[in-house]
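K.L.:
Here you go, one structure.
What follows draws every value from the coordinates through simple rules; no lab data is involved. What you see is a predicted model, and the numbers here were worked out from it, not measured in a lab. Backbone-built Cβ (ideal geometry, glycine too); neighbour counts: all protein chains shown.
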Amino acid sequence: MKLFILGALGLPALFAALPAFADAGTEVYEISIKDHAFTPEEISVPAGKKIKLKVNNLDPTPEEFESHELNREKIIAGKSSATIFIGPLEPGKYHYFGEFHMDTANGYIVAK
Ligand SMILES: [Cu+2]
């Protein structure tokens, strides 16, 4: 009877609470796009942990955050922000770029 109650009530409640809990512990790192370039060009993040990358596009034109190494691609409208979940990463240096301005918009995420 006790097990049945746990299965019927306890576990679904626990699972429902987990995403919010995991999200609350995720560190946020911010980078900006200005004049079609990323600042800072390199950020350090902890290896082995999921992180939240907030990309602020300060330019009036859209940009696409893209990284083959991180397997991410996201269009960010002008004068707006986007949040991208990354990791957990192996230690290393990961390249990303702005696909609409590949000649100027490049950066690295270093996981240590
Ligand atoms: Cu793309």
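K.L.:
Would you calculate the separation in nanometres between label points at residue 99 and residue 27, each defined as 7 Å from the Cα along the Cα-to-beta-carbon direction?
P.N.:
2.9
K.L.:
Still on this structure, I have one more. Could you list which residues have their amide H under 5 Å from that of residue 49, counting only those 5 or more apart in sequence or on another chain, with H placed in the peptide plane?
P.N.:
89
K.L.:
Based on Cβ point charges of +1 for Lys and Arg and -1 for Asp and Glu, what charge dipole magnitude is obtained for segment 37-84 about its Cα centre, in debye rounded to the nearest 20?
P.N.:
Dipole size: approximately 400 debye.
K.L.:
Mind checking which lysines have their Cα closer than 17 Å to the Cα of residue 54? Skip sequence neighbours fewer than 8 apart in that chain.
P.N.:
Leaving aside lysines fewer than 8 places away in the same chain, those within reach of residue 54 are 34, 74, 79.
K.L.:
Shifting gears a bit: Under the Karplus relation 6.51 cos²θ - 1.76 cosθ + 1.60, θ = phi - 60°, what is the ordered set of whole-Hz ³J(HN,Hα) values for segment 73-88, x standing for Gly and Pro?
P.N.:
7, 8, 7, 10, 4, x, 6, 8, 10, 9, 10, 10, 7, 10, x, x
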